Structures are given as structure tokens and as C-alpha cells.
Amino acid sequence: MQCQTFEQYSVDYLEGTLSPRTMHDADAHLQCCAHCRALLAEARMVSEALRRLPQESCPDHIVEQVMQQQALRGARSVRVSWSERLSQWFGPVHIRRFGLATVAVLLVVVTVWQYQRGQHRPVETETYSAAEVEQAKREIELTLAYLHRYMQQTSTAVEYQLASTQTTLTEPVHTILAEQIQSTQTAVRRPMQTLITDAAAPFEAAASYLGGKL
Amino acid sequence: MTMETRRFKTLVHQHKDLVYNQAYYFTGNREDAEDITQDVLLKLWHHLNALKRKAVKSWLVKVTRHACIDHCRKTREYSLSEFEPAQQQHMLNRLSDPGSTPEQMTISNDVLRQAIQQLPPQFRSIVIMREIQDLPYALIAETMELPLNTVKVYLHRGRVMLAQYVKANCEEPALAR
């Protein structure tokens, strides 16, 4: 064994962790090399002295200062990634087990939740001038007037169509179909009226609100 | 108290002495060790969620080592690292010179602490981690980013350099038993 090789084994030699064969070779080298023998003796002595050095304890005031600083900086200083949060909630085992499927399902749930949250988000309050409110009210009134006129025209058209059908029919047929015509008239009118009334409802509410503003 | 704060507090109490010990023996100064400990523990808070439980200790050892080296650079510390490798080898060779035999030497803690300060940073880190903190070789190799065998060779050389310093600086009465 050369000195360079012995240097590589010297730590293990002192700890007695060399294999019997290498230990034998190292002993043989030490018997014939005074230089390595001296170095090894000094290394052993220093090692024993180092291990007698006291373990220093961190002063309490350092821990207190650290905890104070941490409290000041707060939780915002800790960056938490979404994967870490998932691991905290569900545990790493579950995330590993379900893998991409879990992540995909969670993404869909979160997306839907965010969408619904957006749908129900309250309207931000903005300030409008009196002129702008007046203009909005006028436009809404025009819209309502158009809707009412359209409803009347539709109703008139339906009546006209029914009446014309009625007049072109011969008397026996007219008599037979009289009740059906009446029911058809009602069946057509009611949905039309409902439809237009529903469409007009938000405009009427807005007009009422704006009326209160002015 | 949040979950993160609870975990942080537990880790601080578990590892504060590890960090402080390493910093104290590296810098040889209590005030510097306190500053380094405080910085390292606050860094732990910032990286808490990125660290797995088992990796905390090796992370702390590594960060403390870097903090100590930065500190030494700032204070422009002079040590054996300032010497050329040839000079270091010469000092190692002188250790086998006849003189007081190791069996006759008694090393005081103060001299040993001073001697540690004279080691180049890499040797110093390894000596502290192994001899004072009793860390396993695998963790030291991981922290130092060195092969295991290199760590052991550096440890041996570090011990030998310390013996050189002690021999050169101890008064005769202190050396003789």
C-alpha cells in the first residue's frame, strides 16, 4: 500500500470500518512508514480533542427574535403552490394514487365554481350624472313602448288571421270550428303576452329604479 | 396559529442548536453565530413549504455553511485557504517532523477553536460537521456536493492541519502533560 492510498483509508482505519484484508494491508504499511504513522497519531489526537469540544446552545433571545420576525412577516411570506396545498388537504398518497385524474376533476370543479362565483358577483356601484340617468330612462321607455306596440300588433294580427279564417268558412264548418277557433285564439295570445311581458319586466324595473333616482 | 407557523416553531426548536453550533465553530464568534442563525432560520420560514420533512436538516446544514462562507468573505477573513496548495502540502509534511509526540500533547479548547478558524472553508466545514456535529458522512457528502471518499480524505487532512496549528501555537507547558 502506498502513502496516498493509506490517506484515503485513514479515516476508516481510525473508525475500524475497513475490511479485514484492507486493515491488514494498512497495518503493514504503518509498520514500515513513519510518516503515515505520525500523521495518523496526530489525526487521532485531534479527532479526540474535537469530540470533547462542548456543544453550544442557541441563546433563547435568538429564537424569540426569529419568532417575532416571522410573526411580522406573516403567512404571506410563505409561498404555497397549488400542488402543495392539494398535498396538505388530501395528503401526498392520494395525489400520487389518483394522479392526473384527481387533478383533472379538481380543475373542473374549481372552474365551475369560479364561473358560478362570477355569475353571482355583485354589480360594482358606479356613479352616473343626472343627464346619463335621464338618457337611460328615455331609452328604456322607448324600448317598452316598442314592446307594447309589438304586442298589440301581434295580437291584432292573430285576431285578423282568426277572423279571416272564420269569414271564409261556410256556416256549418264555422259552427263546428267556433269553439276551436276561440281556444286557438287564447292559445296564441297568452304565450305571446307572457313572452312580451317577461321581456319587458327588467326594463320596467330599470325604469322604476331610474325614476326613483331622478 | 396557522399550520405553517406551528411547523416552523417545531423545526426551529429542533434544529436551532445545530445551526448555531455550526455557525459558532465556523466563525469562532458568538455574535456572528447569532446573526447567521437568525438569518438561516428566517430563510427556513421562507422556504418552509418547499421543504420535505426529511430534507430539512440537510437543507439547514447546507444553507448555514453558505451563510458562514458569505460571512467570512464579507469580513475578509485570512486563513490557510490564502496559501497556495504547495504551501499547504509543505505544512502537512512538516507534521511528521520530530518534536513533541501526540501522546504528550494536551490541547486546550481555546487553541482548538482558534485552530479551526485557520482551516480553509471546505476543510473547516467537514471537520465541524463530522467531529463536532457528528453528522453522517452521506449527509456531509450531500451538503458539500463531494464524493464520499473525498470527504474522508479532506477530513483526515483537516485533522492533520489542525495538529500542525496546535503544534505551532501551543506553549511548551500546555503541550507537555
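The values are calculated or read from the model by the stated rules, or taken from the named source; none is laboratory data. Nothing here was measured: the structure is a model prediction, and the numbers come from that model. We place every Cβ from the backbone using ideal geometry, glycine too, and count neighbours over all the protein chains shown.
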Checklist line | Members of the range B:45-62 that are more than 9 Å from every other protein chain (Cβ to nearest Cβ) and among the hydrophobic types (A, V, I, L, M, F, W, C) | finding: B:Leu51, B:Ala55, B:Val56, B:Trp59, B:Leu60, B:Val61
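Could you list, in sequence order, all residues of the range A:31-51 that are more than 8 Å from every other protein chain (Cβ to nearest Cβ) and touching a residue at least 12 places away in the same chain (Cβ under 8 Å)?
Selection gives A:Cys33, A:Cys36, A:Leu40.
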Notebook entry, point to check: Can you tell me which residues in the range A:9-22 are out of contact with any Phe, Trp or Tyr (no Cβ under 7 Å at 6 or more places or on another chain) and either surrounded by fewer than 18 Cβ atoms within 10 Å (Cβ to Cβ) or of a type in the set (Val, Ile, Thr) (or both)?
Noted result: A:Val11, A:Leu14, A:Glu15, A:Gly16, A:Thr17, A:Ser19, A:Pro20, A:Arg21
Check: In the range B:114-177, which helices (runs of 4 or more DSSP H) lie fully inside it and hold 1 or more residues that are under 16 Å from the mean Cα position of the chain (by Cα) and at pLDDT 90 or above?
Finding: B:121-127, B:137-144, B:148-169
